[in-house]
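K.L.:
Right, I'll just put the structure down here and ask away after.
The values are calculated or read from the model by the stated rules, or taken from the named source; none is laboratory data. The structure displayed is predicted, hence computed values, not measured ones. FYI the Cβ positions are ideal-geometry reconstructions off the backbone, even for glycines, and counts take in every protein chain you see.
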Amino acid sequence: MNNLPIFKYQPNAYDIGIFKKENVCPWCIYEGTATKQYNGVLQAAVEYKNKLLSVTYDDESNQYMYFMGYDEVEQFKDDKLEELLFRTPGYISWQEPQWLSHCDEFCAFIGYVNTSELSAMKIDLRDEELLTLKRNYGIETLDQVSDDSGIYLFQCLKCGQHRVHIDHT
């Protein structure tokens, strides 16, 4: 895997098998030519300015449409957002993947884990993350997450805080 691009927000893309499942050249993703050629976007939903942002391409207007929740908003001019949306491979989840952020920066996707692995890694989730888990998923601790849930581990690039996105069945 020499001479392959390294993705800032997806540093383990090759280890977790993203490119075994995708038939797109890593350099085409890294440089943004894949999304330009196919009018695509690589992330389903992203935490952006404390809201959930999704982007889709409208064939009729030949433009990308940006949505915060259900409301259409003006397109953002943000280099980090463009890197994540158009030049970073996503991850595969059971339901809609959500890319997390922290410290006004997108987190790096670390990988897929289960509750045992999280416990063994001794991941310390700060109070703010535990409150987010309670608000978003109705759970007080990771011990309440069932074994058949998808757990996606992220880490803040600035402060090192771990965050998790959980898919329930």
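K.L.:
Looking at (1) of a type in the set (Gly, Ala, Ser); (2) more than 26 Å from Lys36 (Cβ to Cβ); (3) without any contact (Cβ under 8 Å) to a residue 12 or more places away in the chain, can you tell me which one Ser149 breaks?
P.N.:
Every listed condition holds for Ser149 apart from (3).
K.L.:
Taking interchain pairs and intrachain pairs at least six residues apart, which have beta carbon atoms under 6 angstrom, with the first residue in segment 110-127 and closer than 17 Å to Gln161 by Cα and the second modelled with pLDDT under 80?
P.N.:
Leu118/Leu142
K.L.:
Turning to a different aspect of this structure: Within segment 103-113, can one find any residue that is over 21 Å from Ser54 (Cα atoms), among the hydrophobic types (A, V, I, L, M, F, W, C) and more than 15 Å from the chain's Cα centre (by Cα)?
P.N.:
no
K.L.:
Now, a different point. When you check Val24 against the structure, is it under 22 Å from Lys8 (Cβ atoms), within 15 Å of the chain's Cα centre (by Cα) and either exposed (fewer than 11 other Cβ atoms within 10 Å of the Cβ) or hydrophobic (A, V, I, L, M, F, W, C) (or both), yes or no? Break it down into steps so the answer makes sense when it comes.
P.N.:
Working: under 22 Å from Lys8 (Cβ atoms): yes; within 15 Å of the chain's Cα centre (by Cα): no; either exposed (fewer than 11 other Cβ atoms within 10 Å of the Cβ) or hydrophobic (A, V, I, L, M, F, W, C) (or both): yes.
Judged against the criteria, Val24 is not a match.
K.L.:
Given the conditions (1) surrounded by 12 or more Cβ atoms within 10 Å (Cβ to Cβ); (2) of a type in the set (D, E, K, R); (3) at pLDDT below 95, and given that Lys77 satisfies all but one, which numbered condition is not satisfied?
P.N.:
(1)
K.L.:
Restricting the search to segment 21-48, which residues are touching a strand residue (DSSP E or B) at 6+ places or on another chain (Cβ under 8 Å) and either in a loop (DSSP other than H, G, I, E, B) or not acidic (Asp, Glu) (or both)? Give the steps one after another, and end with the answer.
P.N.:
First, the residues of segment 21-48 that are touching a strand residue (DSSP E or B) at 6+ places or on another chain (Cβ under 8 Å): 39-41, 43-48.
Once the filter is applied, which keeps residues that are touching a strand residue (DSSP E or B) at 6+ places or on another chain (Cβ under 8 Å) and either in a loop (DSSP other than H, G, I, E, B) or not acidic (Asp, Glu) (or both), segment 21-48 yields Asn39, Gly40, Val41, Gln43, Ala44, Ala45, Val46, Tyr48.
K.L.:
Among the residues of segment 24-46, is any closer than 29 Å to Tyr137 by Cβ, of a type outside the set (Lys, Arg) and at pLDDT below 90?
P.N.:
No, segment 24-46 has no match at all.
K.L.:
Of all residues in segment 153-166, which are among the charged types (D, E, K, R) and under 13 Å from the mean Cα position of the chain (by Cα)?
P.N.:
Selection gives Arg163 alone.
K.L.:
If you don't mind, another one. Considering Tyr152, Tyr91, which residue is touching a Ser or Thr at 6+ places or on another chain (Cβ under 8 Å) and crowded, with 18+ Cβ neighbours inside 10 Å?
P.N.:
Tyr152
K.L.:
Select, from Tyr57, Tyr66, Tyr70, the only residue that is exposed (fewer than 13 other Cβ atoms within 10 Å of the Cβ) and not assigned by TED's automatic domain parsing to the domain that holds Leu157. It would help to see each step written out before you state the result.
P.N.:
Details: Tyr57 fails: exposed (fewer than 13 other Cβ atoms within 10 Å of the Cβ); Tyr66 fails: exposed (fewer than 13 other Cβ atoms within 10 Å of the Cβ).
Matching residue, one of Tyr57, Tyr66, Tyr70: Tyr70.
K.L.:
Just a yes or no: is a residue in segment 106-119 over 21 Å from Ala13 (Cα atoms) and either aliphatic (A, V, I, L, M) or not in a helix (DSSP H, G or I) (or both)?
P.N.:
no
K.L.:
Please go through segment 58-100 and give me each residue that is in contact (Cβ under 8 Å) with a residue 12 or more places away in the chain, of a type in the set (Ser, Thr, Tyr) and out of contact with any helix residue (DSSP H, G or I) (no Cβ under 9 Å at 6 or more places or on another chain), ordered by number.
P.N.:
Tyr66, Ser93, listed by residue number.
K.L.:
Tell me, please, whether a residue that is in a loop (DSSP other than H, G, I, E, B), of a type in the set (Gly, Ala, Ser) and closer than 18 Å to Pro11 by Cβ can be found in segment 59-82.
P.N.:
no
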